[in-house]
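Heads up, the thing below is written out as structure tokens.
Only the coordinates and a few stated rules stand behind these numbers; no lab work does. Computed from a predicted structure; not experimentally measured. No Cβ is skipped: glycine too gets one built from the backbone with ideal geometry, and neighbour counts run over all protein chains shown.
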Amino acid sequence: MKTTAHNLGYPRIGPRRELKRALEDYWSGKIGRETLLAEARTVRDARWRDQADAGLDFIPVGDFSLYDHVLDTSALLGCVPPRFGEAGASVDLDTYFRMARGRAPTGEPADACEMTKWFDTNYHYIVPEFAPDQRFRLASEALFDEVVEAQAQGYRVKPVLLGPISYLWLGKMKGGADERLGFLDALLPVYGEILQRLSGLGVEWVQIDEPALVLDLPPAWRAAFEPVYNRLQAGGPKRLLATYFGALSENLSMACSLPIDGLHLDAVRADELVQAADLLPAYKILSAGVIDGRNLWRADLAALQGRLAPLAERLGNGRLWLAPSCSLLHVPVDLSQEMGLDPELRSWMAFARQKLDEVVALRQVLNGDAAEEALTAASAALEARRHSVRVHRADVAARLAALPPDAAHRAHPYEVRAEVQQARLHLPPLPTTTIGSFPQTAEIRAARRDWRAGRLDDAGYEDFLRREIKHVIRAQEDYGLDVLVHGEPERTDMVEYFGERLEGFVATAHGWVQSYGSRCVKPPVIFGDVNRPLPMTVDWSVYAQSLTERPVKGMLTGPVTILQWSFVRDDISRAEVCRQIALALREEVGDLEQAGIGVIQVDEPAFREGLPLRRAEWPVYLDWAVEAFRLATSGVDDTTQIHTHMCYSEFNDIIEAIAALDADVITIETARSDMELLDAFANYEYPNEIGPGVYDIHSPNVPASDRMQALMHAAAGRLGWSRLWVNPDCGLKTRGWPEVEASLREMVASARALRAEI
Ligand code: GLN
Ligand code: ZN
């Protein structure tokens, strides 16, 4: 028996986002249930065909989803909160969608389930909700139907299940103490039933995902694995326990000794293969996740051959399996659609479909079948990339090296700066401002479309944007805001805009990745040293400032957020890439200052999500992330006021780093938490200014003045009045003008009422 090639999961959305369109058409009533299901089936069939064409030995089944695989698991296990109504024998389609989105073509609307980030990815899952007396039952046939469907087409399938411990870990109690581990008794019989059903369908192997094993787990959770997998072993298919996104570390030997038939490890982010080969008993297989499922670079197949050949030898007898490191959900579908991309850059990349070719090529070389061509081509591409002058720029290295040693420090501490800034800006107490964007109206989108299609020339588009900016400035003056913004009409996306203007970045045409449900993002690709050939935002800010006596904030996206929301080159560290982005932003900040912009905001909504999964790695990340922000923002005079903005985040455990950013003003999302998030700032005695959001921009409702005043009182109770700003929670781009106008007028009135009071 020889090396086996398999896959953990494949993108679901379709090469042209076919599933997205079908879902949205169904939700809006344009198509019916049967059409949606037929479209979904077409996408599903094409994915299987793709994977079979690549030559895999096993095709994953059950990794497809109409919305989210964790929600699918909740449906499978009959875990449906009571507010979605009495579920019938099985969870029907619209109940499923109501859990995800709060509403569906049929059924009563109800509050949607919570959504949160899947580990450290940009994918969001629907959080399972548990009640104190939670019960489970087999309540969906979808998995079994798909297995039958795939088998009927002749595929050798490997169904994928989210394991019971990770499922409970990712869920949340709704009311009552945390008794999630106690639910195992109710949950395991259902898993047992599922395994029996799969066995009945003739399934040989099932993949059980337990990514929780790469986390810092409390002892009780670690201890649960052995009894759980003991109880799940009776009969049924062979079990491949899959982990990904990091090292197992202290969990490795436990995982190796569980009563399972094989273990999958992420061998891109960790290097535990040899250790695992030593620990695994001879009857278990080891699946090496060697092709990066989190990034789009071509693999170094020759190096992998060198790494894997001895391992295959050591394991012997077909015990080595090969796969991508994790599900390919997190990379774009197919590079062959990128014919418009620069051919040299394209030759360095591999999307999901190409990654499968890499897995299969590796299997072939390890099995002694010819695959030399694939290996040589990969090595040639890698060699070209390694030496390309487009990747390595001496000028960038030189400018970084020439930075003074104190480049990441403002000249004077906050207290000194605050005084000179006040002398320049003359702001009232409780200054009012917004986070940056104003409504992205249908007219703005239409003008952009026309311009991109060549129906509107550059000058015409620029005129249009200037009129927009003027309108936004006049409106803000009229509402009585103190620090204005230009409204960001020229940006579709806060990272894409900068990616299009920085060298070292490239955009793809179809590089979409699912973010949640039908929503996809198309992250820019950072392939080389980052350089800013020209100012990126200065003209817009200068124009906006020329229209008003009041200060207008310059508006930039921070280095950490640009890094987090891009595909990043893997030949140097993320820290180094972040530093290069920071240098480019520092140059932009300097140009804004030179042009007379006195307030500059550098948004970092992704600052917290960059935290590594393991706490032990936090300090290193926080060090370079803070340093990058400071490098971007510290090259200015004391009189220039630096703002930053972060969306909803837990600040408690990173407050020291937040303070170390040393922004003069930070605005944060707090309205929905009743200002409780400010406790972290209060306990830490956070020294600089804060604008806690006083109303939730996610809702179209106009906030009441007394509610906003009460929130400000709650903020002042924690931090005092003197360093507070008044602003919404986040940018206004998804809102309409009528509610923006009413809300901002009400907000300014609230600030004025409070000023009279304090
Ligand atoms: N300045 C951005 C805006 O207002 C900030 C967006 C964000 O925090 N995600 O849209
Ligand atoms: Zn925000």
Those residues of segment 218-257 whose amide nitrogen sits under 18 Å from the label point placed on GLN151, 7 Å along Cα→Cβ = 235-240
ask   = Size of the dipole of the chain about the Cα centre, Lys and Arg at +1 and Asp and Glu at -1 on the beta carbon, nothing else charged, in debye to 20?
value = 1140
request  = Taking each pair of different alpha-carbon atoms in segment 195-277 once, compute 1/r for the pair, average those values, and report the inverse of that mean as the Kirkwood hydrodynamic radius in Å to one decimal.
outcome  = 13.3
note = In terms of the charge dipole of segment 418-757, which places +1 on Lys and Arg and -1 on Asp and Glu at the beta carbon, the residue among PRO619, LEU563, SER634 farthest towards the positive end is LEU563
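If you restrict to DSSP beta bridges whose two residues both lie in the chain, what percentage is antiparallel, to the nearest 5?
Numbers: 10 of 64 bridges.
That works out to approximately 15 percent antiparallel.
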task = Please sort 482-488, 421-427 by packing, taking for each peptide the average over its residues of neighbouring beta carbons within 10 angstrom, highest first.
result = 482-488, 421-427
key: Estimated distance in nm for a label pair at SER336 and ARG16, the labels positioned 7 Å out from Cα along Cα-to-Cβ   = 1.5
query = How far is helix 33-54 tilted, in degrees, relative to the longest principal axis of the Cα atoms in the chain, given as a value from 0 to 90 rounded to the nearest 10?
reply = 70
remark   = Surrounding charge for ARG519, neighbours by C-beta under 13 angstrom, Lys/Arg +1, Asp/Glu -1, total +3
note = 1/(1 + (r/R0)^6) with r = Cβ-Cβ of ILE572 and GLU609, R0 = 22 Å, i.e. FRET efficiency to nearest 0.05, evaluates to 0.55
query = With +1 on each Lys and Arg Cβ and -1 on each Asp and Glu Cβ, how big is the dipole of segment 258-355 about its Cα centre, in debye rounded to the nearest 20?
reply = 180
key: Top positive-direction residue, dipole computed over the chain with Cβ charges, set PRO132, GLY154, ALA671   = GLY154
note = Share (percent) of C-alpha pair distances in segment 65-185 greater than 17 Å works out to 58
message = Please compute the volume of the convex hull spanned by the alpha-carbon atoms of segment 418-757 and report it per residue in Å³.
response = 137
remark   = The ³J(HN,Hα) series, computed from each phi in segment 166-177 with the Karplus coefficients 6.51, -1.76 and 1.60 at θ = phi - 60°, rounded to the nearest Hz and given as x for glycine or proline, is 5, 4, 5, 4, 7, x, 9, 6, 10, x, x, 6
query = Which order results if ARG550, ARG455 are arranged by neighbouring Cβ count within 10 Å, fewest first?
reply = ARG455, ARG550
request  = Could you run the Debye sum over the Cα atoms of the chain, one equal point scatterer each and no solvent, and tell me log10 of I(q)/I(0) at q = 0.05, 0.07 Å⁻¹, two decimals?
outcome  = -0.27, -0.54
ask   = Taking the simple approach of a point 7 Å from Cα along Cα-to-Cβ for both LYS117 and ARG33, what is their distance in nm?
value = 3.7
Table column - 3J(HN,Hα) (Hz), segment 607-612, Karplus curve with 6.51, -1.76, 1.60, x for Gly and Pro = 4, 6, 5, x, 4, x
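If packing is taken as the average number of other Cβ atoms within 10 Å across a peptide's residues, how do 595-603, 553-561 rank, most packed first?
553-561, 595-603
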ask   = On the first, second and third principal axes, largest extent first, how far apart are the outermost C-alpha atoms of segment 152-216 in Å?
value = 47, 25, 15
task = Could you give the size of the charge dipole of segment 649-692 about its Cα centre, using +1 on the Cβ of each K and R and -1 on the Cβ of each D and E, expressed in debye and rounded to the nearest 20?
result = 100
query = For segment 429-473, with the dipole built from +1 on Lys and Arg beta-carbon atoms and -1 on Asp and Glu ones, taken about the Cα centre, which of TRP451, ILE473, LEU430 lies farthest toward the positive end?
reply = LEU430
key: Backbone HN-Hα couplings from phi across segment 394-408 [Karplus 6.51/-1.76/1.60, Hz, Gly and Pro as x]   = 4, 5, 5, 4, 5, 5, 5, 5, 7, 5, x, x, 9, 4, 9
query = Considering only Cα-Cα distances, which of the following residue pairs are longer than 24 Å: LYS174/LYS238; LYS2/LYS238; LYS117/LYS522; LYS117/LYS553; LYS30/LYS117?
reply = LYS174/LYS238; LYS117/LYS553; LYS30/LYS117
